[in-house]
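What follows is one structure encoded as structure tokens, with my remarks underneath.
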Amino acid sequence: MTAYVQKNRFDRLLNNRTGVSTVKLTVSSTASMMRPTSVMQDCERAQRISMKADGYYAANSQPQQSDVERALPLICETAEMAARQTLSANVLVADFGCADGRNSRRLTNAAIQSVRAVRPSAACTIVRNDRCENDFNQVASVSQGNLEATAGTFEFMSSGSFYKQLLPTGSMTLGTSFSAVHWMSRIPETLENSHAICREQLTGTEAEDARQVAEGDWSCFLQHRAQELASGGCLVVSMVGKLASDSQVHSPFRLISEALQQLIAEDVVCPETQDALFIPVYRRSLEEVVRPFEEDPCLKECGLTLTYASETEVACPLYSAFCEYGDVGRYAAAYVRFIRALAEPIVKAAFQQTVDEPERCMEMLFERMEQLVQQAPESWKLRRTQVLVAAQKV
Ligand SMILES: C[S@@+](CC[C@H](N)C(=O)[O-])C[C@H]1O[C@@H](n2cnc3c(N)ncnc32)[C@H](O)[C@@H]1O
């Protein structure tokens with residue numbers, strides 16, 4: 001495994017490589033703020049997707065961690081099959097959307113163990129991918145701490161969107177992606193004047209435009225992975241899905257929205273903040289996930305075939321713990337930390353564009369969210385559907 005120097009700034013190296021610079025944000029000095037215009041280009045908004053850095057995501061992502069744990073039998077079985085059925089001397093395992101690497105390490109360690117069971121002397125490479133804004137310093141330190149568990153394995157980081165080809169054609173033995181492909185590649189242009197903060201608050205053509213972006217994203221993700229996979233290689237993908245019977249707005253986003261509206265009503269935050277904030281997540285149904293395998297001619301041509309598909313409504317580990325210990329304050333704090341871990345950078349960018357004291361107002365938002373959960377924990381309970389699929393390039 002490559003030994004990384006802890007103090008190096010991997011985030012800078014990886015950002016420079018892709019030529020992406022930080023978006024310059026404007027903060028107005030007046031109390032009621034400007035309507036964001038040019039800084040609201042879709043690509044800039046979408047570029048703010050990243051998890052909260054410095055280990056915060058790792059410490060506050062128990063629901064995502066549980067998704068990995070539940071999928072371990074499938075990951076191990078699929079890794080073993082891929083290792084048996086690919087011909088190259090080397091094994092390459094890539095995890096797409098790895099965040100700070102802790103949950104990623106859990107699944108790649110399990111995959112490598114299964115590979116070693118059938119190909120003990122194969123040279124193994126692990127590639128951890130995420131967007132260039134990701135905290136790759138954390139990924140590097142996780143890799144460093146993982147040296148013993150994966151002796152004889154070479155580990156690399158890849159920055160860039162997984163909606164592009166990231167690895168050489170035919171090089172990948174096993175590809176994985178957990179809790180990541182529900183993040184959309186971009187925000188549709190038509191959302192410019194919408195007050196919605198997430199897709200499930202959209203209606204009419206706006207909702208349809210977002211659906212189309214998500215549909216294209218999923219096909220695009222699969223097509224690129226199909227290119228990268230070696231013949232016989234496999235893919236395991238888990239994402240946050242949506243049951244047909246679930247008509248509610250995803251509760252974390254509903255909670256942000258409710259707290260924000262209260263702060264707007266109290267004149268703490270200006271109404272424009274709502275326009276500047278959009279969390280580009282699309283929860284797919286199992287049917288939407290399976291469709292490209294049946295209908296996309298590119299996937300048929302590449303030979304990418306679905307081998308497993310399921311959707312499961314899963315218990316939220318934070319809520320289960322609350323039911324056990326019964327401390328509502330502790331539950332509310334843990335739930336809001338979980339939301340901050342995945343949404344704070346996006347919320348922060350919206351506040352920086354529209355309010356005078358973004359840090360203070362953002363803290364007020366998170367405090368209000370905590371209060372709302374404390375008042376009615378049952379109404380904000382996280383309903384989570386895990387959609388899990390596996391595929392093989394035949
Ligand atoms: C909720 S985290 C999941 C992290 C980890 N896989 C886990 O299971 O805990 C989603 C990750 O996907 C990444 N992501 C979102 N869109 C992406 C894209 N287009 N390309 C690469 N990574 C992306 C985010 O930056 C984030 O780190």
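Quick notes on this one:
- Loop trypsin sites (Lys or Arg not before Pro), region 118-207, which have at most 14 other Cβ atoms in a 10 Å radius of their Cβ (DSSP): Lys164
- In a DSSP loop and with at most 15 other Cβ atoms within 10 Å, the GluC sites (Glu not before Pro) in region 132-218 are Glu148.
- Ser245/Lys164 FRET efficiency (R0 51 Å; Cβ-Cβ; nearest 0.05): 0.90
- The fewest-to-most ranking of Ile126, Ile279 by surrounding Cβ atoms within 10 Å reads Ile279, Ile126.
- Taking label points 7 Å from Cα along the Cα-to-Cβ direction, Glu294 and Thr190 give a separation of 2.5 nm.
- Rel. contact order, % - alpha carbon contacts under 8 angstrom, at least six apart, region 229-378: 31
- Relative contact order of the chain, defined on C-alpha pairs under 8 angstrom at six or more residues apart (%): 24
- Among Tyr56, Ala376, Ile346 - extreme Cα towards positive end, dipole of the chain, charges at beta-carbon: Tyr56
- Three-way shape call for region 267-394 based on the alpha-carbon gyration tensor, with the a/c threshold at 1.5: oblate
- Rounded to the nearest 20 debye, dipole of the chain from Cβ charges on Lys, Arg, Asp, Glu: 1240
- Helical segments meeting 30 Å axial Cα length and Kyte-Doolittle -1.0 threshold in the chain (DSSP H): 62-85, 328-354
Just so you know, all these numbers are worked out from the coordinates, no wet-lab data involved. The structure displayed is predicted, hence computed values, not measured ones. A quick note on method: Cβ atoms are made from the backbone with ideal geometry, for glycine too, and the neighbour counts reach across all protein chains shown.
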